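Taken together, the values in this text are just the output of simple stated rules run on the coordinates, not laboratory data. Given the structure is predicted, the values throughout are model-derived calculations rather than measurements. As a convention, Cβ positions derive from the backbone with ideal geometry for all residues, glycine included, and neighbour counts pool all protein chains shown.
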Amino acid sequence: MFGYQVVTDINMVDTETVKRTWRERLLSFPWHPQAAYKTITKPKQEAWIMGNKIVCHPAMWDEIKKQLTEGRE
């Protein structure tokens with residue numbers, strides 16, 4: 001992409017807190033039955049354009065590069 005500077009940031013993630021089941025709480029290793037919730041993180045599927053910079057997660061940048069190379073062929 002000519003004229004754009006790409007900045008990748010590993011902190012661009014979506015977090016979701018979900019309730020753990022009793023089975024997971026009792027049978028997990030290491031054993032922490034008091035932890036009733038767990039946090040799941042996924043890379044954001046968006047890119048921010050700020051002037052001539054594109055800010056995105058590294059996984060999203062790999063997807064953008066893949067789509068750009070497919071467009072040339």
Tilt, helix 58-72 to longest principal axis of the chain (alpha-carbon atoms), in degrees rounded to tens, equals 40
For the stretch 5-72, inverting the pair-averaged 1/r of distinct alpha-carbon atoms gives a Kirkwood value in Å of 14.6
Computed, not fitted: 222 nm per-residue ellipticity of the chain from DSSP H runs ≥ 4 (each -39500 (n - 2.57)), nearest 500, equal to -8500 deg cm²/dmol
For Val13, other-chain or 5+-apart residues with amide H closer than 5 Å (H placed, Pro excluded) are Lys44
Out of Thr15, Val55, Pro43 - ranked by how far each Cα lies towards the positive end of the dipole of the chain, with unit charges on the beta-carbon of charged residues - the top one is Thr15
Restricted to pairs 8 or more residues apart or on different chains, the lysines in the chain with C-alpha atoms under 29 Å apart form a number of pairs equal to 11
Across Pro30, Pro43, Pro58, the residue with the highest GNM fluctuation in the chain (Cα network, 10 Å cutoff) is Pro30
Amide H contacts under 5 Å for Val6, restricted to residues at least 5 apart in sequence or on another chain and with H modeled in the peptide plane, are Ile54
Counting only DSSP beta bridges fully inside the stretch 5-72, the antiparallel percentage to nearest 5 is 70
